[in-house]
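**Q** One structure coming up, written as structure tokens, with questions to follow.
Any read-out appearing in this document is the output of simple, stated calculations on the displayed coordinates, not a laboratory observation. Remember, it's a predicted structure, so these values are computed and weren't measured experimentally. Backbone-built Cβ (ideal geometry, glycine too); neighbour counts: all protein chains shown.
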Amino acid sequence: MKYDFDKIIDRSGTNALKYSVLKERYGRDDLIPLWVADLDFETPDFITDALRKRIDHSLFGYTTVPDELWETIVKWVEDHHGWKVNKEWITYIPGVMKGVGSVVNVFVKPDEKVIIQPPVYYPFRLTPQGNEREVVFNPLKRVEGGSYEIDFEHLASVVDDKCRLLILSNPHNPAGICWSRETLVKLADFCYERNIIVISDEIHCDLTLFGNRHIPFATVSEKAAEISITFGAPSKTFNTAGIVNSYAIVPNDTLRRRFFKWLEANEFNEPPIFSTIAIIAAFQKGEAWRRQLISYIEDNIRFVEDYLNEYIPAIKPLRPQATFLVWLDCLELRLNHKELIDLFVNKARLALNDGEMFGKGGEGYMRLNVGAPRAVLKKALDQLRLALE
Ligand SMILES: Cc1ncc(COP(=O)(O)O)c(C=O)c1O
């Protein structure tokens with residue numbers, strides 16, 4: 001089956017976040033939305049068909065979780081990432097960020113701290129801070145070519161014995177980095193020695209691009225497995241964020257017992273009927289879709305690179321190794337934050353995420369979501385080009 005990613009889907013009337021809060025967030029609603037990380041592509045038929053089949057039964061009482069759910073996740077993770085997971089290590093969680101919030105509440109005492117590495121997905125800061133935990137920042141180091149590395153020297157200088165948790169975006173949002181084995185091993189050693197738990201948020205791991213490979217943090221060493229809580233979901237790859245179908249994998253017995261006990265006590269480990277169905281359908285039937293989607297996204301990225309190179313060379317896209325977000329270096333435009341926003345929003349009529357949201361190092365950047373039909377991207381870039389002219 002050939003999927004049609006060029007099809008324009010009208011999302012009006014669906015309360016789609018990307019569209020419905022434009023006025024509130026950007027001050028106007030005549031914008032092409034290329035911000036929040038969901039796709040403007042139809043969720044694939046094999047998921048919708050599975051959901052519809054259940055809907056047709058029309059009785060949605062309390063429902064148990066089939067063993068098939070855990071077996072399906074185990075198989076997907078092993079087939080795609082070479083990680084042999086025991087099904088007992090897995091639990092449902094009601095969204096990755098709710099998982100992060102849960103870990104903060106279970107493992108980080110009120111006077112303890114959480115480390116994040118900006119520029120990074122901004123809820124990594126908001127969730128611990130919202131739970132009144134102090135956040136320690138270890139900004140990523142920009143390297144030749146525009147990508148980033150973890151700054152281990154700085155990390156050692158900011159960590160103290162109150163640091164209990166580090167949140168890693170793997171692959172990294174917003175820069176699309178697949179962290180190397182060497183980096184992950186070093187990070188695991190560092191955190192293990194200091195009794196720091198690592199959340200490895202791997203929500204973007206099934207969309208690796210241009211031949212890059214995702215390495216699950218927990219697989220790089222015994223130490224990494226001992227200290228990690230990994231989060232995953234089919235939601236980015238199969239555009240099911242609204243269904244809420246995430247999971248956590250915790251190999252270490254002690255961490256797992258404590259975390260799962262808390263989830264169970266609060267019933268956060270109980271998936272709604274449709275979450276289970278969507279995960280099973282996505283992971284059992286989704287490989288052809290995933291491959292076609294990756295190929296379309298790669299072409300979208302090439303399209304953006306070529307367009308910017310030809311018409312707007314002052315904006316430099318960082319080629320992502322994973323996912324559908326492109327980190328645009330706009331520093332050469334020499335605009336301050338307000339002017340940059342004015343250019344994108346009021347002049348070009350585009351809603352992107354501005355880099356500052358992602359923390360230190362994000363100033364002068366914009367994050368472009370290329371998970372949209374190419375015609376929409378072309379229109380957006382034409383508007384940007386015109387605005388700059
Ligand atoms: C790195 C990362 N983690 C988590 C999320 C949100 O996941 P959820 O909706 O499951 O909380 C996103 C969404 O953009 C993300 O990019």
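**Q** GNM on the chain, C-alpha springs below 10 Å: top fluctuator among V158, V74, V135?
**A** V158
**Q** Still on this structure, please answer the following. What does the convex hull of the alpha-carbon atoms of the chain project to on average, in nm²? Mind dumping the intermediate values first?
**A** On the way: hull surface 76.2 nm².
Result: a mean projected hull area of 19.1 nm².
**Q** Assuming R0 = 22 Å, can you tell me the calculated FRET efficiency for the pair K347 and K23, based on Cβ-Cβ distance, to the nearest 0.05? Walk me through the numbers on the way to the answer.
**A** Working: r = 18 Å, r/R0 = 0.80.
With R0 = 22 Å, the Cβ-Cβ based efficiency is 0.80.
**Q** Next question, about the same structure. Based on DSSP, what percent of beta bridges with both residues in region 62-285 are antiparallel, to the nearest 5?
**A** Details: 9 of 25 bridges.
Restricted to region 62-285, the bridges split so that about 35 percent are antiparallel.
**Q** Still on this model: With +1 on each Lys and Arg Cβ and -1 on each Asp and Glu Cβ, how big is the dipole of region 62-285 about its Cα centre, in debye rounded to the nearest 20?
**A** With Lys and Arg at +1 and Asp and Glu at -1, about 200 debye.
**Q** With labels modelled as points extended 7 Å from the Cα through the Cβ direction, what inter-label distance (nm, one decimal) is found for N86 paired with R54?
**A** Taking the two extended label points, one gets 2.8 nm.
**Q** Determine the distance separating the Cα centre of region 203-265 from the Cα centre of region 283-337; give it in Å without decimals.
**A** Using only Cα atoms to place each centre, the spacing works out to 25 Å.
**Q** Using a Gaussian network model of the chain with C-alpha springs under 10 Å, which one of A156, A278, A351 is most mobile by mean-square fluctuation?
**A** Its mean-square fluctuation being the largest, the pick is A156.
**Q** Only counting other Cβ atoms within 10 Å, I'd like T230, T91 sorted with the fewest neighbours first.
**A** Numbers: T230 29, T91 21.
By the 10 Å Cβ count, ascending: T91, T230.
**Q** Express as a percent, rounded to the nearest 5, the fraction of DSSP beta bridges in the chain (both residues included) that run antiparallel.
**A** Around 55 percent antiparallel, to the nearest 5.
**Q** If neighbour count is taken as other Cβ atoms inside 10 Å, put V304, V143 in order from fewest to most.
**A** V143, V304
**Q** Per 0.36 nm of contour for each residue apart, how much would the distance between H337 and T63 grow if the chain were fully extended, relative to their Cα-Cα spacing? Intermediate results must be reported in sequence, preceding the final value.
**A** Working: separation 274, 0.36 × 274 = 98.64 nm, distance 4.99 nm.
Gain in length upon complete extension: 93.6 nm.
**Q** Still on this structure, I have one more. Over its Cα atoms, what ratio of radius of gyration to 2.2 N^0.38 Å does region 62-285 give?
**A** Normalised Rg, Cα atoms only: 0.97.
**Q** Which Cα, out of G361, L209, I227, lies furthest along the positive dipole direction of the chain (beta carbon charges, K/R +1, D/E -1)?
**A** Among G361, L209, I227, the one farthest towards the positive end of the dipole of the chain is G361.
**Q** For the chain, with the dipole built from +1 on Lys and Arg beta-carbon atoms and -1 on Asp and Glu ones, taken about the Cα centre, which of V198, I341, G13 lies farthest toward the positive end?
**A** G13
**Q** Evaluate the charge dipole of region 138-262 about its Cα centre and quote only its size in Debye, nearest 20, assuming +1 on the Cβ of each Lys and Arg and -1 on the Cβ of each Asp and Glu.
**A** Values: 14 positive and 15 negative charges, 86 e Å.
Computed charge dipole of region 138-262: roughly 420 debye.
**Q** While we're here: Using a Gaussian network model of the chain with C-alpha springs under 10 Å, which one of L155, L59, L207 is most mobile by mean-square fluctuation?
**A** Result: L59 has the largest fluctuation of those listed.
**Q** At q = 0.13, 0.18, 0.22 Å⁻¹, what is the log10 ratio I(q)/I(0) for region 1-91, with the Debye formula run over Cα points and no solvent?
**A** Reported log10 I(q)/I(0), two decimals: -0.80, -1.05, -1.09.
**Q** Can you pull out the GluC sites (Glu not before Pro) in region 58-146 whose DSSP state is coil and whose Cβ has at most 13 other Cβ atoms within 10 Å?
**A** E132, E144
**Q** Would you check region 50-164 for Lys pairs whose C-alpha atoms are within less than 15 Å, ignoring same-chain pairs closer than 8 in sequence, and give me the count?
**A** Details: K75/K84; K75/K87; K109/K162; K113/K162.
So the count works out to 4.
**Q** Go ahead and estimate [θ] at 222 nm for the chain from helices alone: -39,500 (n - 2.57) per DSSP H run with n ≥ 4, summed, over the residue count, rounded to 500. Present the calculation step by step, with values, prior to reporting the outcome.
**A** Values: 15 runs with 158 residues, N = 389.
Helix contribution divided over all residues of the chain: -12000 deg cm²/dmol.
**Q** What order do you get for D354, D382 when you list them from fewest to most C-beta neighbours inside 10 Å? Please list the in-between numbers first.
**A** On the way: D354 21, D382 13.
So the residues, fewest neighbours to most, are D382, D354.
**Q** In region 247-353, with Lys and Arg counted as +1 and Asp and Glu as -1 at Cβ, which of these residues, P251, L293, L328, has the Cα nearest the positive end of the dipole, that is, farthest along it?
**A** P251
**Q** Which value, in debye to the nearest 20, gives the size of the charge dipole of the chain about its Cα centre, when Lys and Arg are +1 and Asp and Glu are -1 at the Cβ?
**A** Values: 48 positive and 55 negative charges, 60 e Å.
Roughly 280 debye for the chain.
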